[in-house]
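Taking it in order: structure first as structure tokens, then the write-up.
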Amino acid sequence: MACCHCRESRETARRTTWPRRIDRVDNCASRRKRWNVNRQLRKRKGKIIGRGIQWCHFTWNAVAGCKHGCQWQMPDGSIAECYVDPIAAFFKKSYPEGFERHYWRPKILQQPLSLRKAAFIFMDSMSDLMGAWVPEVQVRKVLEICRQAHWHKFQLLTKNPGRLPKFDFPANVWVGVSSPPDFMMSHPLSRNQQEKMLAKSLSVLAGIPVPVRWMSVEPLSWDVSKIVADNQPLSWAVIGAATNGRNVYQPDPEHVANLLEVFDKQGVPVFFKGNLWGNPAADPWREFFPGHEPSPFMACTLGPHAVPIGS
Ligand code: SF4
């Protein structure tokens, strides 16, 4: 296993990952005529200056807003909020009634179809498409566009996996669940509740007939490794810290190490979010995709250091 060991590579990656820029990316669609979906990879004078959400090229939120109100209790005792809250507060025009509302944006529904070059598109970075409040007809319209735009890979994440079996997902949608937070809708979740939620999420996910089933543990705020070990191996996993604006809350390195041990035993490729940088458990660095393919972003920023796990 090897990936970007040298100090220079680390420095490059640190400079090119800045989650704070997601807000700018998400609001730039109207100005980017050529790429109608939000661009994730940003360049200035030909140089990469930021990667937004590092594991996708674009975000696309035909359904926006979320009522889950997630919060995390981090190891240092601080409470991390959902990363999109401050972004939505900043972009008041797009979220006039705040983030904890439902917004339907039919005007951008067709955007992926006009994007000719194949891309990874995160389809609910500012929402939860499977949220109980999202009308079924809207979900079906979004999935229909995914089906039509078959040359793209769409990445879906939900904290309401119970709704997944209701829908027929095209094979180019990577269906994923997020690990349960420590608070939802202002209510604290006990560890027992979190464990049950996670076990249920993973077991529902295992029954969804798509080629890629994945999980996001960003942030990783408690030790999820045992539950993950007891379930069917995933196709992919993303691990990260919590970010609120400039504040980054690192997970306990032991929790990261325990989870990596399980994923390695199961052969699950792992992608580290850039905000995990500096966490002792995230060494050597990993940016892999389903099938253990190295990150195309990593390849373009760090060149030969992006090599598959096991090589
Ligand atoms: S489900 Fe996602 S978007 Fe919704 S509050 Fe939780 S972290 Fe934020």
Nearby aspartates and glutamates by direct alpha-carbon distance to residue 153 (threshold 20 angstrom, same-chain neighbours under 8 apart not counted): 26, 124, 128, 144, 168, 287, 293
Cα centroid separation - the stretch 241-261 against the stretch 119-179, whole Å: 26 Å
By average C-beta atoms within 10 angstrom, highest first, the peptides 261-272, 163-174, 58-69: 58-69, 261-272, 163-174
Entries of 196/273; 141/265; 92/196; 107/196; 166/226 with Cα pairs more than 30 Å apart: 141/265; 92/196; 107/196
Residue 114/residue 90 FRET efficiency (R0 35 Å; Cβ-Cβ; nearest 0.05): 0.85
Computed log₁₀ I(q)/I(0) - Debye formula, equal Cα scatterers, no solvent, the stretch 201-272, q 0.20, 0.24 Å⁻¹: -0.82, -1.09
Likely footprinting exposure, 150, 57, 292, fewest C-beta neighbours within 10 Å first: 150, 292, 57
From phi via Karplus (6.51, -1.76, 1.60), per-residue ³J(HN,Hα) for the stretch 270-284 in Hz, x at Gly/Pro: 10, 10, 8, 5, x, 6, 8, 4, x, 6, x, 6, 9, 9, x
Amide H contacts of residue 174 (H built 1.01 Å from N, under 5 Å, at least 5 apart or other chain): 154, 155, 156
Radius 13 Å from Cβ of residue 190, net charge of other residues (Lys, Arg +1; Asp, Glu -1): 0
Footprinting exposure proxy for 128, 252 (fewest neighbouring C-beta atoms within 10 Å first): 252, 128
Relative contact order for the stretch 59-193, counting Cα pairs under 8 Å that sit 6 or more residues apart, in percent: 30 percent
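Every number here is computed from the coordinates shown, using simple stated rules; none is lab data. Just so we're clear, the structure is a prediction, and the values are computed from it rather than from any experiment. So basically every Cβ, Gly included, is an ideal-geometry build from the backbone, and we count neighbours across all protein chains shown.
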